[in-house]
Amino acid sequence: MRQKVKIAIMDINGNLVWGKILDESETRRGINMIDWHGLNNNGKQAANGIYLLRITAGQTTVIKKIAVVR
């Protein structure tokens, strides 16, 4: 079953840096992939550091740490 998927990249303080919502037509069952080019919602480069990646689909939420290093 396809579901709406919410993707959020937040700084370590929980502030939203970048976000995207994929509707059911943009997802499929199994593994999906999306590219984040290290830009914030204003189109500027995010600073080097640790960020939190939060993915929510239906009742399931996964949070992972990611690092930006240039």
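The values are calculated or read from the model by the stated rules, or taken from the named source; none is laboratory data. Bear in mind the structure is a predicted one, so any value in this text is a computation, not a measurement. With ideal geometry, Cβ positions are generated from the backbone for all residues, glycine too; neighbour counts draw on all protein chains shown. Calculation scope for accessible area: heavy atoms of the full protein, side chains included, ligands and nucleic acids excluded. Shrake-Rupley method; radii C 1.70, N 1.55, O 1.52, S 1.80 Å.
Key figures
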| item | result |
| --- | --- |
| Carbon/sulfur fraction of accessible area - the chain, other protein chains in place, 1.4 Å, % | 51 percent |
| Cβ charges +1 (Lys, Arg) and -1 (Asp, Glu), total dipole of the chain, debye | 140 debye |
| Solvent exposure, largest accessible area first (probe 1.4 Å, DNA, RNA and ligands not counted), of Val69, Val17 | Val69, Val17 |
| Cut-off 18 Å, label 7 Å out along Cα→Cβ of Asn15, residues of the stretch 39-59 by amide N | 39-54 |
| Over the stretch 8-70, relative contact order from alpha-carbon pairs under 8 Å, at least 6 apart, % | 32 percent |
| Calculated from backbone phi, Karplus (6.51, -1.76, 1.60) coupling profile of the stretch 42-51 in Hz, x at Gly/Pro | 8, x, 9, 5, 6, 5, 4, x, 9, 10 |
| Potential extension, Asn42-Ala67 segment - 0.36 nm per residue separation minus Cα distance | 7.0 nm |
